[in-house]
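Q: Here it is, the structure, as structure tokens.
The values are calculated or read from the model by the stated rules, or taken from the named source; none is laboratory data. Being a predicted model, the structure only gives us computed values, none of them experimental. Cβ sites come from the backbone with ideal geometry, for glycine too, and all protein chains shown count toward neighbours. Protein only, heavy atoms only, side chains kept; ligands, DNA and RNA dropped before computing areas. Shrake-Rupley method; radii C 1.70, N 1.55, O 1.52, S 1.80 Å.
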Amino acid sequence: MRKTLLIMVLFSIFLFAQDAKKVTLQLNWLNQFQFAGYYIAKEKGFYSDVNLDVHIKEFNFDINVIEEIKTKRADFSIGRSSLLIDKINAEDVVALGAIFQESPLMLLVKKDSNINEVKDLKNKKIMFTKDTSYSASILAMLSASKLKTGDYEIQEHSFNINDLISGKTDAMASYLSNEPILLKEKGIEYKIFHPKDYGFNFYSDILFSSSKFIKDNPKLTKNFYNASIKGWEYAFDNLAETAEIIYSKYNTQNKTLIQLIKEGEILKKLAYSNNEGLGYLNESKLNDIINIFRIFGLGNKNINMDIDDFIYDGNPHKITNIKISKQDKKYIIFTLIILFIILCFAIYFFSKNRQIKKLLHTVINSTDDLIFYKDNELKYIGCNKSFEKFINKKESEIIGKDDFEIFEKEFAELFRKNDLAVLNAKSILVNNEWLIIESEKRLFQTKKIPFSYKQDSKKGILGISRDISKLYEIQEKLKALAYYDELTNIYNRKAYNERIQEKFDLFERYQTDFCIAMYDIDNFKLINDTYGHDVGDKVLKELTAKIKLNIRKTDLLFRIGGEEFIIIFPKTSIDEAFIIAEEIRITVSNIRIIENKSITISIGITQSKAGDDSKSIYERIDKLMYKSKHNGKNQTSKD
């Protein structure tokens with residue numbers, strides 16, 4: 001008995017003591033917000049949650065990202081759309097997903113250069129790399145504007161924005177998220193020429209690996225990809241916090257916190273453009289990019305590449321960042337399961353019992369959900385009335401046709417991908433898909449399952465699709481109500497509780513100091529009693545709006561009670577925060593919301609200290625704020 005117990009204990013220890021799998025990710029540029037999702041997945045423990053120990057390698061100019069994968073010095077890397085050329089040239093590359101649906105690469109000129117159109121670049125100096133595959137979208141844009149290679153002077157890229165400022169070059173290949181920010185900070189007006197605006201829309205920052213590595217490590221690859229996407233979602237949902245992490249731990253370029261935040265704002269738009277989810281890869285778009293490359297003589301023209309071999313099987317193609325409550329999820333899943341059971345019975349009795357068939361057919365047609373079924377060639381063999389109404393066709397016009405004969409190409413390709421995934425996986429597949437219906441964007445949740453519809457066991461597909469757009473809107477509204485004060489439209493106490501905990505997590509992990517201030521409107525009860533609550537509300541709203549204008553974009557403002565407010569100043573010393581607080585106090589004292597009556601505030605301000613937690617720091621600023629009140633009001637007390 002003891003021996004058995006000992007073996008069980010040792011076995012348990014062995015199971016739980018497995019070392020995390022070591023994984024190396026090679027970046028294709030220097031550390032900046034461009035790679036934020038991977039930093040966040042590492043720092044927030046998303047990688048460690050799936051037993052991965054990820055080492056993120058910064059780029060240097062001696063590195064070739066393809067070679068890093070080939071020689072196994074890296075397991076995953078970041079590439080550009082030029083990975084398609086590598087694939088055509090028989091390199092073993094597989095794209096897991098594209099983080100940016102639009103490339104940030106463009107041409108940048110100064111506004112006073114008199115270059116108003118691309119064609120004005122004739123006889124001008126243009127600075128970009130001589131790597132044609134890297135600059136293909138820019139070359140295509142120049143070509144589309146009838147500029148040949150000899151019509152302009154190509155300069156080797158210096159990656160120094162001062163060369164554009166000084167006039168050493170007339171135009172510079174740049175990133176939307178980098179150089180324009182630097183010019184704006186210097187007060188220099190600029191103009192950009194983006195290849196996308198000329199029909200050359202490339203992907204950027206494609207996460208990739210090799211087919212061999214993926215085949216040998218399917219679970220690891222899936223876990224790494226999903227954790228990375230989770231990191232990106234968090235990074236874009238929490239731009240300021242993410243920028244702080246990069247600023248304190250991954251800031252090898254010495255960027256300012258504001259520069260990192262602005263970079264994040266721009267990249268977020270590129271990641272979610274075209275209503276696509278993070279990582280989305282579109283076959284049609286990839287084929288268009290290949291054609292552009294081939295126009296410039298890139299890649300082996302004699303090789304016809306199968307795009308399916310380029311795209312990772314686990315790429316979701318349509319990820320939506322939707323958060324639905326557990327109760328709603330249970331309701332949706334339960335309803336869909338019931339409907340599937342009904343549908344399966346309907347098919348089963350299709351030719352066996354006319355009375356039952358008629359009854360179940362009535363039940364199926366009574367639902368607003370779209371119900372349809374296809375044969376093994378993915379052609380429709382039946383549907384319900386809601387599906388007929390949805391596509392404005394009768395069932396007799398639908399049967400025998402496939403999605404490409406009924407829907408627009410973009411949607412048909414998406415449905416075909418999902419159908420094939422169901423048949424290959426031989427299991428239920430659930431997708432959330434944004435569709436454009438009569439110029440209106442709507443969210444559908446679709447569940448598909450394979451089924452045998454003939455005696456020879458041919459496999460077709462049963463599907464149910466539900467419009468959950470309203471549910472999504474309600475969830476978003478509830479989310480807003482949960483974290484925002486309805487009167488002043490700033491963060492509420494719940495939001496404060498979460499953000500202050502985040503600040504302490506950063507403080508404990510990286511010694512990232514921050515300051516916090518509490519202010520209270522002096523004699524506010526007297527204002528309500530004298531002028532009424534409508535005037536009191538007006539004071540709260542207008543005062544808050546004014547204070548928001550006097551704090552920095554990175555500072556966080558919360559209403560935590562009636563007339564009590566808190567401001568968090570990230571990465572700020574007590575002396576700096578005190579100056580800002582005093583400016584706010586003086587500004588408020590000069591406001592005349594109520595005619596001939598000044599309004600003042602009393603402030604308490606402190607800095608994070610070793611051993612602090614959310615309770616201790618709150619108690620400290622509360623005492624400091626009341627110290628200001630007891631000492632005559634309209635003043636700031638600090639510790």
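Q: If you go through the range 163-173 one residue at a time, do you hit one that is closer than 23 Å to residue 264 by Cα, touching a strand residue (DSSP E or B) at 6+ places or on another chain (Cβ under 8 Å) and either of a type in the set (Phe, Trp, Tyr) or not in a loop (DSSP other than H, G, I, E, B) (or both)?
A: Checked against the condition, which is being closer than 23 Å to residue 264 by Cα, touching a strand residue (DSSP E or B) at 6+ places or on another chain (Cβ under 8 Å) and either of a type in the set (Phe, Trp, Tyr) or not in a loop (DSSP other than H, G, I, E, B) (or both), the range 163-173 yields at least one hit.
Q: Hey, among 433, 408, 440, 413, which residue is touching a helix residue (DSSP H, G or I) at 6+ places or on another chain (Cβ under 7 Å), farther than 18 Å from residue 273 by Cβ and charged (D, E, K, R)? It would help to see each step written out before you state the result.
A: Numbers: 433 fails: farther than 18 Å from residue 273 by Cβ; 408 fails: touching a helix residue (DSSP H, G or I) at 6+ places or on another chain (Cβ under 7 Å); 440 fails: touching a helix residue (DSSP H, G or I) at 6+ places or on another chain (Cβ under 7 Å).
Result of the check over 433, 408, 440, 413: 413.
Q: Residue by residue through the range 476-496, note down the ones that are open to solvent by less than 80 Å² (accessible area, probe 1.4 Å), of a type outside the set (D, E, K, R) and part of a helix (DSSP H, G or I).
A: If the condition is that a residue be open to solvent by less than 80 Å² (accessible area, probe 1.4 Å), of a type outside the set (D, E, K, R) and part of a helix (DSSP H, G or I), then 480, 482, 483, 495, 496 are the ones that fit.
Q: Before we move on, is residue 520 open to solvent by 60 Å² or more (accessible area, probe 1.4 Å) and either closer than 24 Å to residue 633 by Cβ or assigned to a helix (DSSP H, G or I) (or both)?
A: no
Q: Does residue 190 satisfy the condition of being open to solvent by 40 Å² or more (accessible area, probe 1.4 Å), of a type in the set (Phe, Trp, Tyr), closer than 25 Å to residue 273 by Cβ and touching a Pro at 6+ places or on another chain (Cβ under 7 Å)?
A: Judged against the criteria, residue 190 is a match.
Q: Can you tell me which residue is most open to solvent (accessible area, probe 1.4 Å) among those in the range 77-132 that are in a loop (DSSP other than H, G, I, E, B) and of a type in the set (Gly, Ala, Ser)?
A: 90
Q: A further question follows. Given the residues 541, 553, 546, which is the only one that is outside any helix (DSSP H, G or I), in contact (Cβ under 8 Å) with a residue 40 or more places away in the chain, under 37 Å from the mean Cα position of the chain (by Cα) and farther than 20 Å from residue 623 by Cβ?
A: It is 553.
Q: Follow-up question, since we're still on this one. Scan (1) open to solvent by 50 Å² or more (accessible area, probe 1.4 Å); (2) modelled with pLDDT of 85 or more; (3) among the hydrophobic types (A, V, I, L, M, F, W, C) for the single condition residue 464 breaks and write down its number.
A: Going through (1) open to solvent by 50 Å² or more (accessible area, probe 1.4 Å); (2) modelled with pLDDT of 85 or more; (3) among the hydrophobic types (A, V, I, L, M, F, W, C) one by one, residue 464 breaks only (1).
Q: Is at least one residue of the range 379-391 closer than 20 Å to residue 282 by Cβ, modelled with pLDDT of 90 or more and either open to solvent by 90 Å² or more (accessible area, probe 1.4 Å) or part of a helix (DSSP H, G or I) (or both)? Spell out the reasoning first.
A: Pass one, the range 379-391, residues closer than 20 Å to residue 282 by Cβ: none.
No.
Q: Considering the range 586-605 alone, what residues qualify as being small (Gly, Ala, Ser), under 42 Å from the mean Cα position of the chain (by Cα) and either part of a helix (DSSP H, G or I) or farther than 20 Å from residue 622 by Cα (or both)? Before you say what the answer is, go through the steps one by one.
A: In the first step, residues of the range 586-605 are kept if they are small (Gly, Ala, Ser); the result is 589, 598, 602, 604.
When the remaining residues are screened for being under 42 Å from the mean Cα position of the chain (by Cα), the result is 589, 602, 604.
Across the range 586-605, the qualifying residue is only 589.
Q: Out of all the residues in the range 601-617, which are open to solvent by 30 Å² or more (accessible area, probe 1.4 Å) and either touching a helix residue (DSSP H, G or I) at 6+ places or on another chain (Cβ under 6 Å) or free of Cβ contacts under 8 Å to residues at least 40 places away in the same chain (or both)?
A: Residues satisfying the conditions are 607, 609, 610, 611, 614, 615, 616.
Q: Here's a follow-up. Can you name every residue in the range 133-159 that is outside any helix (DSSP H, G or I), polar (S, T, N, Q) and loosely packed, with under 14 Cβ neighbours inside 10 Å?
A: Residues of the range 133-159 that are outside any helix (DSSP H, G or I), as a first pass: 145-148, 152-159.
Next cut, polar (S, T, N, Q) only: 145, 155, 158.
Once the filter is applied, which keeps residues that are outside any helix (DSSP H, G or I), polar (S, T, N, Q) and loosely packed, with under 14 Cβ neighbours inside 10 Å, the range 133-159 yields only 158.
Q: Mind listing whichever residues of the range 199-224 are of a type in the set (D, E, K, R) and either at positive phi or in contact (Cβ under 8 Å) with a residue 24 or more places away in the chain (or both)?
A: Across the range 199-224, the qualifying residues are 205, 212, 222.
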